[in-house]
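Scroll down for the structure; my scribbles are underneath it.
The values are calculated or read from the model by the stated rules, or taken from the named source; none is laboratory data. Source: prediction; values computed, not measured. Reconstructed Cβ throughout: ideal geometry from the backbone, glycine too, with neighbour counts over all protein chains shown.
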Amino acid sequence: MTAAKTKPRKSASPKKAPRTKAEQRAETLENILDAAELLFSKQGLYGVTLRDVAQQVGVHTSLMHYYFEDKLALFKAVFARRAKITSDRRMKAMDEYEKRVAGKPTVEGALHVFLDTDFDLYIERDEGWRNYAAFCAQLANTPEGAGLFDEHFDPVVLRLIEILRKALPDISRKDIFWGYHFVTGSLMHSLARSGRIDRLSGGLCKSDDFKAVKARMADFMAAGFLSLKS
């Protein structure tokens, strides 16, 4: 009789180490911020409660107060989480641009660096970044939002203004600030993804087509700045 063949025993897969309480808290916090970001992007600060966020995450409302004193604290945390990433990216891109052009920037170049670097985040990253874009658009016309924009985005905006002044030495500082005002208005409107351009164009243009916006906005806005020279 031949000996029965025995099947080789499968090696047991290594067990994952149980998550620490700190890791569990960090995951819960990220889930809360993601849920709040989504809700704020659709309903703004005043249309969302801590209970709404808790229900979205699937936790008790009392847990929200463990992480945040109140809704405004949550609101600020949602904004700050991604603000540093986009600000740092744009600041670095503008510094590299100035070095590349040896201190002789163009309006088109400066606007492409400032706008395209931001749009790339919304194009290349996950839906959370697009929710953040819409969230910022919701904030743009509120007192609370203006304060957060001042705190987190003023340095990078003033860096852009500085480069634009080098590109347009004959244009008044006042006009350059007005030009930026029009740029940021168009940017916020685009980030909102309201769907209005979809309806107006009969579907020819899509408000969530950030690639199309990126391909056009900087050059269009540059033409406005350059018209001030005439």
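Just to be sure I understand the filter: pairs with C-beta atoms under 8 Å, separated by 6 or more residues or on different chains, first member in the stretch 174-191 and touching a residue at least 24 places away in the same chain (Cβ under 8 Å), second member aromatic (F, W, Y). Which pairs pass?
Listed pairs, sorted by first residue: I176/F225; G179/F225; S190/F210; L191/Y122.
All but one of (1) within 27 Å of F225 (Cβ to Cβ); (2) of a type in the set (G, A, S); (3) assigned to a helix (DSSP H, G or I) hold for G103; state the number of the condition that does not hold.
Going through the list (1) within 27 Å of F225 (Cβ to Cβ); (2) of a type in the set (G, A, S); (3) assigned to a helix (DSSP H, G or I), G103 breaks only (3).
Take V78 and tell me if it is among the β-branched types (V, I, T), more than 10 Å from the chain's Cα centre (by Cα) and crowded, with 19+ Cβ neighbours inside 10 Å.
Considered against the rule, which asks whether it is among the β-branched types (V, I, T), more than 10 Å from the chain's Cα centre (by Cα) and crowded, with 19+ Cβ neighbours inside 10 Å, V78 comes out as yes.
Condition first: loosely packed, with under 14 Cβ neighbours inside 10 Å, in a helix (DSSP H, G or I) and modelled with pLDDT of 95 or more. Now tell me which residues in the stretch 142-174 satisfy that.
D154, P155, L158, R173, K174
Go through the stretch 193-212 and report how many residues are buried (at least 18 other Cβ atoms within 10 Å of the Cβ) and part of a loop (DSSP other than H, G, I, E, B).
2
Give me the residue from the stretch 25-58 that is outside any helix (DSSP H, G or I) and among the small types (G, A, S) and, out of that set, surrounded by the fewest Cβ atoms within 10 Å (Cβ to Cβ).
Top of the filtered list is G58.
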